[in-house]
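What follows is a short report on a single structure.
FYI, it's all coordinate maths here, none of it is from the lab. Since we're looking at a predicted model, the values are computed, not measured. Reconstructed Cβ throughout: ideal geometry from the backbone, glycine too, with neighbour counts over all protein chains shown.
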Amino acid sequence: MSKDPILVLQMQRMGDLIMTFPLLIRLLNQFPGHPVWVAAEEQFFKGLMAVAPPVTFFPSHAVSRMQGKHFHLVLNLSHRPDAAALGPKIKNDAWFGPRQDAAGNTYIHGQWQMYRASLTNNNRHNRFHWSDLNELDIVPYAEIRRTRWNPVSLNPHKSGVGLFLGASEAAKRPDAEFWAELAKNLRKRGINPVLLGGPAERPLAQEVTRRIKIANLTGRFDVPGLCAFLNTLQLLVTPDTGPMHLAAWLGLPVLNLSMGPVNAWDTGPVQPAHLILRSGISCRGCWQCKSGLACHRHFVPTRVAAIISAVLSRGVGADAHAYFARLRLPGQEIMFTARRNGLYDLLPARPEAHNSAHALLGNFWRCFFGAGFSLWEETAPQKSWKILEEQAPSLLPSFDCALASLTAEYTRALKTRSELSSDFWRSVPPLLRPLSGYLHLLLQNGDYSPESFLRGAGMLDFLSAITEN
């Protein structure tokens with residue numbers, strides 16, 4: 001007899017769906033005999049079924065037919081209200097992610113799902129990839145650590161460089177002038193690129209082709225056709241977009257031009273050995289651009305062409321790492337995707353970038369939440385804090401002052417059992433907002449119960465103990 005199925009609600013874009021594929025494989029392995037069903041947008045999953053894990057997809061609008069069905073597990077990875085509204089309508093043994101109760105109130109179930117929700121407008125110092133956050137409430141960390149990922153590599157029997165033009169919004173992609181100048185510089189190096197994109201990229205491609213004659217395949221492929229064409233290329237150059245994740249899933253090396261309101265730690269190519277070129281300015285990792293797209297100015301076509309040429313000649317292995325470690329990129333940095341203890345990681349090409357204040361602070365928060373949620377030993381954040389003290393001592397006064405302010409405000413609310421002000425999490429500098437954002441959501445999600453207050457107080461005590469030692 002077939003066991004109760006597992007239901008995954010992923011009603012977002014193509015890239016979000018592809019980033020769910022590692023989770024689907026985990027579920028099939030961890031829960032043998034339980035069919036895995038995925039509710040998603042048909043326009044995205046239909047073309048991906050040939051390359052997706054062997055699960056059952058069905059359109060999101062058909063979810064209403066699930067009423068009365070019993071599921072072993074439900075994982076809601078969608079922020080859509082209609083997904084959470086299924087909560088009281090379908091039977092389940094366990095639910096993770098947003099869920100509406102019979103009274104119409106929505107609560108987030110799962111500490112990692114709540115952590116993900118706390119990143120909204122607040123992901124500046126996040127160091128957990130969304131594909132990992134999909135799994136951490138469900139899959140034992142020991143199993144995640146055992147997983148071995150095969151890094152991508154350049155295929156010498158293939159040729160061609162694809163330039164995927166588009167992204168979900170203009171701030172996340174280069175403009176026509178950049179793409180045209182990049183194509184010209186690649187031609188000078190003997191590299192003939194091709195323009196790629198969906199129907200929405202046709203106007204942008206026309207602007208590019210007015211500047212340079214170049215093969216233009218935008219709007220030519222459905223998803224299966226795009227998969228077939230990507231498999232003929234050596235490299236895809238692309239902003240953060242669904243086809244970037246598709247190429248990575250297919251094993252095609254990617255050079256991700258990470259610009260605008262995206263954070264490569266959140267949504268970079270999942271597999272190891274892809275390259276990410278991103279701005280070094282301090283606003284990176286914001287949820288929306290407020291700086292007039294200042295990061296775009298650092299993406300110089302001649303520089304990007306040189307990087308592409310180096311990748312094609314050196315590959316994406318150790319030789320490439322050594323080359324890029326010597327490269328000077330004013331205002332930018334190159335990072336390689338990797339895995340650390342089973343989880344997503346980004347390795348700066350230049351070793352000294354590991355010791356920047358931004359990198360050290362991000363790693364501290366990774367260690368803090370990982371220890372707080374029992375991924376690893378509690379000494380990990382203490383060790384990380386010691387490194388922060390040694391390498392970035394100028395941060396400490398601001399951190400201590402912000403922590404004192406946050407603790408005082410939280411203690412006041414705890415004593416009076418009062419709700420926090422709407423701007424509580426923003427009331428401290430960005431360096432402490434990973435915790436203030438989580439605490440704010442923790443109390444809201446717990447209806448300001450004594451239990452939620454005490455849990456938050458425990459996290460503050462844990463942080464204070466680390467910083468005082």
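Couple of notes before you dig in:
- Overall dimensions of the chain as given by Cα atoms, namely Rg and Dmax in Å: 22.9, 70
- Per-residue Cβ neighbour rank within 10 angstrom, fewest leading, Cys401, Cys227, Cys367: Cys401, Cys227, Cys367
- Whole-Hz couplings from phi, Karplus 6.51/-1.76/1.60, listed for the stretch 443-454; x for Gly and Pro: 6, 4, 5, x, 6, 6, 6, x, 5, 5, 4, 5
- For the stretch 227-234, Karplus couplings with θ = phi - 60° (6.51, -1.76, 1.60), whole Hz, Gly/Pro x: 4, 5, 6, 4, 6, 9, 8, 8
- Label point distance in nm, Ala306-Leu327, each placed 7 Å from Cα along Cα→Cβ: 0.9 nm
- Arranged from fewest to most other beta-carbon atoms within 10 Å of their beta carbon, Ser405, Ser118 become Ser405, Ser118.
- FRET efficiency estimate (nearest 0.05) - Cβ-Cβ, Glu378 to Thr147, R0 22 angstrom: 0.35
- Approximating the spin labels as points 7 Å out from Cα along Cα→Cβ, the Ala465-to-Ser64 distance works out to 5.2 nm.
- Structure-based [θ]222 nm, the chain - -39500 (n - 2.57) summed over DSSP H runs of at least 4, per residue, nearest 500: -12000 deg cm²/dmol
- Here Arg145, Arg328, Arg127 are placed in order of increasing Cβ neighbour count within 10 Å, fewest first, which gives Arg328, Arg145, Arg127.
- Leu396/Thr106 FRET efficiency (R0 35 Å; Cβ-Cβ; nearest 0.05): 0.35
- Spin-label zone in the stretch 31-49 - amide nitrogen under 12 Å from a point set 7 Å from the Cα of Asp93 along the C-beta vector: 31-35
- Of the two radii for the stretch 114-172, the radius of gyration is 1.10 times the Kirkwood radius, both from the alpha carbons; that is the Rg over Rh value.
- Net length available on complete extension from Arg80 to Thr120 is 13.0 nm, with 0.36 nm assigned per residue and the Cα-Cα distance removed.
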